[in-house]
Amino acid sequence: MAKVKTLKEAISDNVRSGDTVFISGMRHGAPSAAIHEIARQRIDHLSLIYCLGMTSILLIAEGLVDKMYTGTAAQDEKTNAALQRARSLNKYPVFEEYSHFGICLALLAGQMGIPYIPTKTHLGSDLMKYNPNLTEDECPFTGEKVAAVRAVVPDVGIIHTQISDAEGNAQKWGSLGVDRPGINASNRVIVTTEKIVDSDVIRRNPNNTIIPSFRVDAVVEQPFGSFPNHLAGCYNGDTLDFQRETRKMEDLEMYLKDQVHGLGDWNEYLEKRKSIKGRDYLESLKIQNPILSDPVITGF
């Protein structure tokens, strides 16, 4: 049980100013609670690896992100309140762009412990001109031209899962995106999870273990830890509400004031959401027949 922490403890112990941080979840199962806590603790000068992320805009808006590694990100400042606010703070991030497959390869190389990985993707694209971690190489066997994608090794990775045991054997299913290479490439790992279960539950279906316990530094049980994203087998998302509440500069600043810095933790945030949307709001998002999407009966 030594790894089981509060979210506040897990973030303060493992996320440091200047870190390269991998954030899991490509539109599915992102660790939103952890992102809010990083913003609440104002941990700055981060390099962020987050593909198709949504709640990461809070970190950008707070001026906490120096660099974004991304497969795609909204960079139209005219319509992006987070970028506008970062600009006003003189904390506008640098974007290092890949294709989604490219950032996956960079993390896979990091997971494998190799300096780069060869590929055909990116060849002929303008990404090769602007990303210093993409270059051309020659196959030593055939002389064929290939692209080389430099490894990315995050200082810390954060993943939200459906279940984990207390030691950090964490299981996630559904759309995984770059979660597996990203979290396994990371030097330190925080697992936030909907439910801490007995290790026997994990052993019933080991194929779903996305990261083993010996790689994990902290485990946090945090129900609805991915909201407003959806999480397979657990709940539907409500991303439209989040987008509405953060689209304009004044709305984004109000969200940061009232729903990040004005609250003590994620449980208070969930209570705040219920006060805004109704007491049954979160309950209405829950999957009513989780056994149809769960690979094992987990006791939710």
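For the reader, a short list of remarks on this structure follows.
- Sole exception among (1) touching a residue at least 40 places away in the same chain (Cβ under 8 Å); (2) closer than 20 Å to HIS28 by Cβ; (3) of a type in the set (Gly, Ala, Ser) for ALA74, by number: (1)
Here's the yes/no breakdown for (1) open to solvent by 10 Å² or more (accessible area, probe 1.4 Å); (2) over 17 Å from ILE35 (Cα atoms):
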position: ALA218; (1), (2): no, no
position: HIS230; (1), (2): yes, no
position: GLY237; (1), (2): yes, no
position: GLU250; (1), (2): yes, yes
position: LEU263; (1), (2): yes, no
position: TYR269; (1), (2): no, no
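- Scoring ASN90 on the criteria (1) over 22 Å from SER186 (Cα atoms); (2) open to solvent by less than 60 Å² (accessible area, probe 1.4 Å) leaves a single failure, condition (2).
- Residues within the range 125-137 that are assigned to a helix (DSSP H, G or I) and among the charged types (D, E, K, R), tallied: 1
- Test set (1) surrounded by 24 or more Cβ atoms within 10 Å (Cβ to Cβ); (2) part of a strand (DSSP E or B); (3) within 21 Å of the chain's Cα centre (by Cα) - GLY225 fails condition number: (2)
- Qualifying residue in the range 168-176 (condition: in contact (Cβ under 8 Å) with a residue 60 or more places away in the chain, over 27 Å from PHE101 (Cα atoms) and out of contact with any His (no Cβ under 8 Å at 6 or more places or on another chain)): yes
- Test: ILE38 is open to solvent by 10 Å² or more (accessible area, probe 1.4 Å) and part of a helix (DSSP H, G or I): no
- Of all residues in the range 41-60, those satisfying the criterion of being among the β-branched types (Val, Ile, Thr) and either free of Cβ contacts under 8 Å to residues at least 40 places away in the same chain or not in a helix (DSSP H, G or I) (or both) are ILE43, ILE49, THR55, ILE60.
- Candidates SER199, SER275, SER213, filtered to the one that is in contact with an Asp or Glu (Cβ under 6 Å, 6 or more places away or on another chain), polar (S, T, N, Q) and surrounded by fewer than 18 Cβ atoms within 10 Å (Cβ to Cβ): SER199
- Of the criteria (1) assigned to a strand (DSSP E or B); (2) crowded, with 24+ Cβ neighbours inside 10 Å, which one MET68 fails: (2)
- Any pair with Cβ under 8 angstrom, 6 or more apart, that starts in the range 1-21 at a residue that is at positive phi and surrounded by fewer than 18 Cβ atoms within 10 Å (Cβ to Cβ) and ends at one that is in a strand (DSSP E or B) and hydrophobic (A, V, I, L, M, F, W, C): GLY18/LEU46
Here's the yes/no breakdown for (1) closer than 29 Å to LEU105 by Cβ; (2) modelled with pLDDT of 95 or more:
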| site | (1), (2) |
| --- | --- |
| LYS8 | no, yes |
| MET26 | yes, no |
| ALA30 | yes, yes |
| ILE43 | yes, yes |
| LEU46 | yes, yes |
| ASN80 | yes, no |
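- Residues satisfying the stated conditions in the range 136-177, i.e. touching a Lys or Arg at 6+ places or on another chain (Cβ under 8 Å), among the aliphatic types (A, V, I, L, M) and open to solvent by 10 Å² or more (accessible area, probe 1.4 Å): VAL146, ALA166
- Number of the exception - HIS122 against (1) touching a strand residue (DSSP E or B) at 6+ places or on another chain (Cβ under 7 Å); (2) modelled with pLDDT under 95; (3) outside any loop (DSSP other than H, G, I, E, B): (3)
- Within the range 178-188, considering residues that are out of contact with any Leu (no Cβ under 7 Å at 6 or more places or on another chain) and in a loop (DSSP other than H, G, I, E, B), the one least open to solvent (accessible area, probe 1.4 Å): SER186
The values are calculated or read from the model by the stated rules, or taken from the named source; none is laboratory data. Fair warning: this is a prediction, and the values are worked out from it, not measured in the lab. Counting neighbours? That spans all protein chains shown, and the Cβs are built from the backbone with ideal geometry, glycine included. Accessible surface is based on the protein model in full, side chains and every heavy atom, while ligands, DNA and RNA are left aside. Shrake-Rupley method; radii C 1.70, N 1.55, O 1.52, S 1.80 Å.
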